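Derivation of every value follows stated rules applied to the coordinates shown; laboratory data play no part. No experiment lies behind these values; they were computed from the predicted model shown. Virtual Cβ from ideal backbone geometry, glycine too; neighbours counted across all protein chains shown.
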Amino acid sequence: MTTYFRPSIDALSPYVPGEQPASKVPVIKLNTNENPYPPSPKALKVLQEIPGELLRRYPHPMAREFRQAASQVLGVPADWILVGNGSDDLLTMIIRACTEPGRSVAYPMPTYVLYRTLAQIQAADVVEVPYPEDYTLPVEALVAAGGAVTFIASPNSPSGTEIPVELLDKLASQVTGVVVIDEAYVDFAETSALDLVKRYENVIVLRTLSKGYSLAGLRLGFGVANPTLLSGLIKVKDSYNVDAVACAVGAAAILDREYKDENAEKVKKSRSEMVTALNEFGFEIWPSQANFLLVRVPASVRAEWLYQQLKERGILVRYFQQSRLADKLRITIGTPEQNAALLDNLSSLLQKS
Ligand code: PMP
């Protein structure tokens with residue numbers, strides 16, 4: 001059969017993002033780790049007042065306004081920041097700039113599935129190192145993997161577990177390739193590895209406005225690293241990868257740190273209440289520093305069945321078709337009302353089973 005594509009694309013199973021609700025019926029969407037609270041009112045005001053002139057012109061190629069705002073908030077120079085169309089865009093730039101067939105990408109598993117997909121698109125070699133059941137970072141095995149790029153999500157998805165900065169430090173000091181510390185969920189955690197970028201030339205820390213800042217629909221993320229490391233990534237980025245609206249709205253959002261922190265506190269409070277409640281139902285829960293929980297379902301039910309039953313009742317949670325995750329669900333923390341609705345439904349489903 002004729003194929004129009006490279007062999008690596010023919011062989012690729014595409015990345016499948018979490019499902020969208022089927023219709024406009026109200027659904028409690030706890031499957032893709034969005035923030036349950038609205039974006040900053042200051043960011044929404046900027047959005048509502050976008051002048052036509054901003055849209056007529058091309059945006060700044062380095063998203064200057066957002067970059068300056070992020071620089072101010074994080075206390076790092078602006079030329080240490082590279083902005084992207086979501087942090088997924090930074091992942092793409094890193095893979096494109098650093099890998100090719102014969103140069104490998106390494107990461108511990110299970111983790112964010114897109115690392116694998118992007119590596120396969122680039123036809124890079126992939127080395128997957130299993131996490132132990134308690135999700136301690138397997139530093140030695142990752143060093144031995146010798147990746148041109150090593151991806152670590154901290155807090156990790158789907159486990160929610162945070163990787164201690166000492167272990168990331170140890171990894172960065174021993175790996176010769178680029179170490180990507182993906183801090184998509186850092187706003188719900190207690191620590192960050194951001195300082196490592198100052199000590200290690202090969203480390204880049206990724207952040208996003210999709211989670212802590214409630215702006216998943218806007219598509220804005222960024223990487224922080226020294227200008228030497230960023231220079232190679234800039235060569236492969238799309239010319240205007242961040243649109244003018246995202247740049248302006250994102251700048252207002254990141255400057256409103258107080259609002260982001262208030263929402264993160266609410267999510268963390270709900271997270272600990274959900275841990276207590278789900279424990280009482282017999283779920284086993286991994287210690288989470290993110291806005292979601294990885295839970296092993298009680299032995300009386302199958303995870304896929306529970307996922308389906310919840311879906312039929314208008315509640316979406318995440319079920320992964322991976323053998324290691326087959327008895328687990330990943331549940332995003334919602335508003336107190338959404339969490340209560342989930343618990344009510346679980347209570348009746350578990351009684352019936
Ligand atoms: N990294 C991890 C670990 C994630 O879970 C996600 C969200 N799916 C991303 C990065 C991408 O986030 P975004 O592109 O929305 O910034």
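What the table below lists for this structure:
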{"item": "Set Lys42/Lys269; Lys237/Lys311; Lys29/Lys269 screened for pairs whose C-alpha atoms are more than 28 Å apart", "result": "Lys237/Lys311"}
{"item": "Surface/4 estimate of mean projected area, convex hull on alpha-carbon atoms of the chain, nm²", "result": "19.3 nm²"}
{"item": "Theoretical gain in end-to-end length, Arg257 to Lys45 [0.36 nm per residue, Cα-Cα removed]", "result": "74.7 nm"}
{"item": "Proximal aspartates and glutamates to Lys45, defined as alpha-carbon separation beneath 15 angstrom and excluding residues fewer than eight positions away on the same chain", "result": "Asp256"}
{"item": "Longest segment of the chain lacking chymotrypsin sites (Phe, Trp or Tyr not before Pro) that sit in a DSSP loop with at most 10 other Cβ atoms within 10 Å", "result": "6-353"}
{"item": "Segment 224-238 - phi-based ³J(HN,Hα) in whole Hz, Karplus 6.51/-1.76/1.60, Gly and Pro as x", "result": "10, 6, 5, x, 5, 5, 5, 4, x, 6, 4, 4, 9, 6, 4"}
{"item": "Pair Ser347, Thr276: separation of 7 Å Cα→Cβ label points (nm)", "result": "1.5 nm"}
{"item": "Mean residue ellipticity (222 nm) of the chain, computed from DSSP H runs ≥ 4 via -39,500 (n - 2.57), nearest 500", "result": "-12000 deg cm²/dmol"}
{"item": "Most mobile of Val317, Val236, Val105 in a GNM of the chain (Cα contacts under 10 Å)", "result": "Val236"}
{"item": "Alpha-carbon centroid distance for the pair segment 1-68 / segment 161-236, whole angstrom", "result": "20 Å"}
